[in-house]
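Trainee: Got a structure for you, written out below as structure tokens; questions coming shortly.
The values are calculated or read from the model by the stated rules, or taken from the named source; none is laboratory data. Being a predicted model, the structure only gives us computed values, none of them experimental. Cβ: placed from backbone, ideal geometry, glycine included. Neighbour counts: every protein chain shown.
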Amino acid sequence: MRVFNLFVLLFACVVSQVSAQTSSPRTLVLSDPAPQHYKLTARASEIDQRVRAHPEIDFLLQAKNGSPADVQHAAVDTRVAPLGKLVIWLMGHNEQLFDRVNSYGLHAIQVHYANKWFSICCRENPVGEHCRGNIRLEAATGEDFSDEVDIPKPDGMMERAFQFVRWLAKENPQGGWEHFLSEDGKGLRWEDVIISGSSHGSTTAARFAKHQKVSRVVAFCGPRDQYQSWQSLPSATPENRYFGFSHVLDGGWTGDHYCRSWELIGMHKFGPIVNVDKATPPYDNTRRLITDFEVGGDANRAHGSVVPGKSAKMDRATKTYLHEDVWRYLFTHPVEQVGKAVPMDASCLKEQRP
């Protein structure tokens, strides 16, 4: 009986520890005596002295004109009730997009990490099916996944994001940034991170989410990597947490690159492709959104038209964007609300070779 009681006690301890590790998410409550919209910048090299340039992939800390190239951006609006989620944007800073995600109650940062390899590495023809995916993962994690590049931890996205958030927690305590630091203080709380980007950045965001569980992925005009196979790998991030939005005249569509990635990731399991210009939220609770608004047949404009900016769909008379509901949906639609699964599209070419 004593042995049995000891076993019960040990089992209870284990259950208690597991329960503590999987407890409900912490609630973020902001305390700001003067609520406002904060917009902050800082150089990665000033936050972390370990940061280095990588001229071999044209990744520099200083531009040719002498201006800093490693400026990072952060924003939070403490006038808005926080959702307790951090958007990490993997592309050039888009202030208009940050204004919108802040208005939803989301924190946002844009980090400078070693991502300039795209036009330099993996250029052979045919390219290896893991070449670009492995470099993306090394650039995101700072871990050795590729023989093509050597990106150490301080220059990868994960560490730069962590160091930036730690800096923000000290410099802007009104923003409650410490909420996104792990309990041991050695990294971020990745399950509270929305990883997002456009084009090249959206592809790296999706590749990273295969490796690291995150709150959700928001992929604008992407992901692509049509000759790679990482899209079908098992995913640390549940498949229902991937969201995509692109224009049908984008070259990623005409070459079957987006439909391929979306289906290999498994996004078709949660609803059909929905044209947002012919539907209203919640868009059948799908993960795959498209637009076909008039861009004058310009594929380049189409590519950048799905984020706030000069190419986006706009009512010129009122100077208002017409995809505001789409952007809100992508970042805030409850991930547990999903549409009906549909079959893969047989006309979308999944087996592609250069």
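Trainee: Give me the residue from region 174-204 that is among the polar types (S, T, N, Q) and assigned to a helix (DSSP H, G or I) and, out of that set, surrounded by the fewest Cβ atoms within 10 Å (Cβ to Cβ).
Mentor: Taking the candidates together, the pick is Gln174.
Trainee: Let me ask something additional. Considering (1) under 22 Å from Trp262 (Cβ atoms); (2) free of Cβ contacts under 8 Å to residues at least 40 places away in the same chain, say which one Ser146 fails and leave the rest.
Mentor: (1)
Trainee: Right, next: Could you tell me which of the residues Val18, Val29, Val8, Val14 is among the β-branched types (Val, Ile, Thr) and modelled with pLDDT of 90 or more?
Mentor: Result: Val29 is the single residue among Val18, Val29, Val8, Val14 that is among the β-branched types (Val, Ile, Thr) and modelled with pLDDT of 90 or more.
Trainee: Among the residues of region 44-58, is there at least one that is of a type in the set (Ser, Thr, Tyr) and out of contact with any strand residue (DSSP E or B) (no Cβ under 7 Å at 6 or more places or on another chain)?
Mentor: Within region 44-58 (the criterion being of a type in the set (Ser, Thr, Tyr) and out of contact with any strand residue (DSSP E or B) (no Cβ under 7 Å at 6 or more places or on another chain)), the answer is yes, since at least one residue qualifies.
Trainee: How many residues, within region 98-132, are under 18 Å from the mean Cα position of the chain (by Cα), within 25 Å of Glu159 (Cα to Cα) and not hydrophobic (A, V, I, L, M, F, W, C)?
Mentor: 10
Trainee: Determine the pairs where a residue that is among the acidic types (Asp, Glu), located within region 27-43, has a partner that is surrounded by 14 or more Cβ atoms within 10 Å (Cβ to Cβ) and not in a strand (DSSP E or B) with Cβ atoms under 6 Å apart, the partner being 6 or more residues away or on another chain.
Mentor: As it stands, the answer is Asp32/Thr78; Asp32/Gln174, since those pairs meet every condition given.
Trainee: Under 6 Å between Cβ atoms, which residue pairs at least 6 apart in sequence (or on different chains) link something in region 65-90 that is farther than 22 Å from Gly197 by Cβ with a partner that is outside any strand (DSSP E or B) and not hydrophobic (A, V, I, L, M, F, W, C)?
Mentor: From residues that are farther than 22 Å from Gly197 by Cβ, the pairs are Thr78/Asp32; Thr78/Pro35; Thr78/Gln174; Arg79/Pro35; Val80/Gly105; Ala81/Gly105; Pro82/Gly105.
Trainee: Sticking with this structure for a sec: Name the single residue that is surrounded by the fewest Cβ atoms within 10 Å (Cβ to Cβ) among those in region 271-306 being assigned to a loop (DSSP other than H, G, I, E, B) and aliphatic (A, V, I, L, M).
Mentor: Only one residue tops the list, namely Ala279.
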